[in-house]
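Undergrad: The structure's right below; bear with me while I get my questions together.
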Amino acid sequence: MAARTEALESILVEKGYVEPAALDAIVETYEHDVGPRNGAKVVARSWSDPAYRKRLLSDATSAIAELGFTGRAGEHMVALENTPRLHHLVVCTLCSCYPWTVLGLPPTWYKSPAYRSRAVIDPRGVLADFGVTLPDATRIAVQDSTSEVRYLVVPMRPEGTDGWTEDRLAALVTRDSMIGTGLAMSP
Ligand code: FE
């Protein structure tokens, strides 16, 4: 399918029907504007509002829809909260299933065979590649996404953010922290 898509894209570009830059712009939009910012709002709300956090952890699809984020690849969402004891890392070992409504389109590495296999075999090694070192006492749970269920990781709230507004908090929530390959930024 990937080869077919690439072949189709190259023909369309060759014939002048699509601009590669336009395709890149669409991907960029999903990666930087539409996607992860939505998820960051969800995370910031759950950090700020205990009742919302409870709803998010018990029925993520509805809780995310409360903020207006619904659509394809977001129909069956599960939110997983990271704690000092348990760190969730999301992968789709089969292909590239990803929660588009909250994170946009998946990054290239998420779709790579290397990530998909190593995330399962050596999650700590994968995290190290991303610059994340967790204490030995923290258990890592690798979550295998499917086309049926997609995960949003709720990273730990950084220290030193007491009393922050949701907007300020959301700015600390990176895309990778919601996949589990990163942590929320420190203020
Ligand atoms: Fe998949």
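Each reported figure results from applying straightforward, stated rules to the coordinates on display, with no laboratory input. Just so it is clear, the model here is predicted, and its values are computed rather than measured. When we count neighbours, we look across all protein chains shown, and the Cβ atoms used for this are built from the backbone with ideal geometry, even at glycine.
Undergrad: May I ask for the distance between the Cα centers of the stretch 7-86 and the stretch 135-184, given as a whole number of Å?
TA: Between the Cα centres of the stretch 7-86 and the stretch 135-184 lies a distance of 13 Å.
Undergrad: Sort 91-104, 41-54, 14-27 for me by packing, meaning the mean count of neighbouring Cβ atoms within 10 Å per residue, highest on top.
TA: 91-104, 41-54, 14-27
Undergrad: Let me ask something additional. Taking only DSSP H segments of four or more residues, each worth -39500 (n - 2.57), what value at 222 nm results for the chain once the sum is divided by all its residues, to the nearest 500 deg cm²/dmol?
TA: Here the helix-only value at 222 nm equals -12000 deg cm²/dmol.
Undergrad: Long-range amide H contacts for Ala141: which residues qualify at under 5 Å (H placed 1.01 Å from N, peptide plane, sequence gap of 5 or more or a different chain)?
TA: Sorted by chain and number, the residues that satisfy this are His87, His88, Leu89.
Undergrad: Report the net charge of residues surrounding Leu134, where surrounding means a beta-carbon distance below 11 angstrom and charges are Lys +1, Arg +1, Asp -1, Glu -1.
TA: +2
Undergrad: Residue-wise, which Karplus ³J(HN,Hα) couplings in Hz belong to the stretch 59-66, taking 6.51 cos²θ - 1.76 cosθ + 1.60, θ = phi - 60°, and x for glycine or proline?
TA: So the Karplus estimates, Gly and Pro as x, are 8, 5, 4, 5, 5, 5, 5, 4 Hz.
Undergrad: Just to confirm the number: angle between the C-alpha axis of helix 2-14 and the first principal axis of the chain, 0 to 90 degrees, nearest 10?
TA: 60
Undergrad: Here is a further query. Which whole-Hz couplings ³J(HN,Hα) result when phi for each residue of the stretch 137-154 is put into the Karplus expression 6.51 cos²θ - 1.76 cosθ + 1.60, θ = phi - 60°, listed in order with x for Gly and Pro?
TA: Result, rounded to whole Hz: 6, 7, 7, 9, 10, 8, 9, 8, 6, 9, 6, 8, 10, 10, 10, 10, 7, 9.
Undergrad: Using a/c under 1.5 as the rounded threshold, could you call the chain rounded, prolate or oblate? The axes a ≥ b ≥ c are square roots of the C-alpha gyration tensor eigenvalues, and prolate needs a/b larger than b/c, oblate otherwise.
TA: Details: a/c = 1.87, a/b = 1.43, b/c = 1.31.
The shape class here is prolate.
Undergrad: Going through the stretch 141-187, which GluC sites (Glu not before Pro) have at most 16 other Cβ atoms within 10 Å and a DSSP loop state?
TA: Values: sites: Glu148, Glu159, Glu166; in loops: Glu148, Glu159.
The qualifying sites are Glu148, Glu159.
Undergrad: A follow-up question, please. So which lysines can Lys54 reach, going by Cα to Cα under 27 Å and dropping same-chain residues fewer than 8 places off?
TA: Candidates past the 8-residue exclusion: Lys41.
Undergrad: Here's a follow-up. What's the angle, to the nearest 10 degrees (0 to 90), between helix 35-48's Cα axis and the longest principal axis of the chain?
TA: For helix 35-48, the angle is close to 10 degrees.
Undergrad: What percent do you get for the relative contact order of the chain when only Cα pairs under 8 Å and 6+ apart count?
TA: In percent, rounded to a whole number, it is 26.
Undergrad: What's the local net charge at Ser10, with K and R +1, D and E -1, over the other residues with C-beta under 14 Å away?
TA: -2
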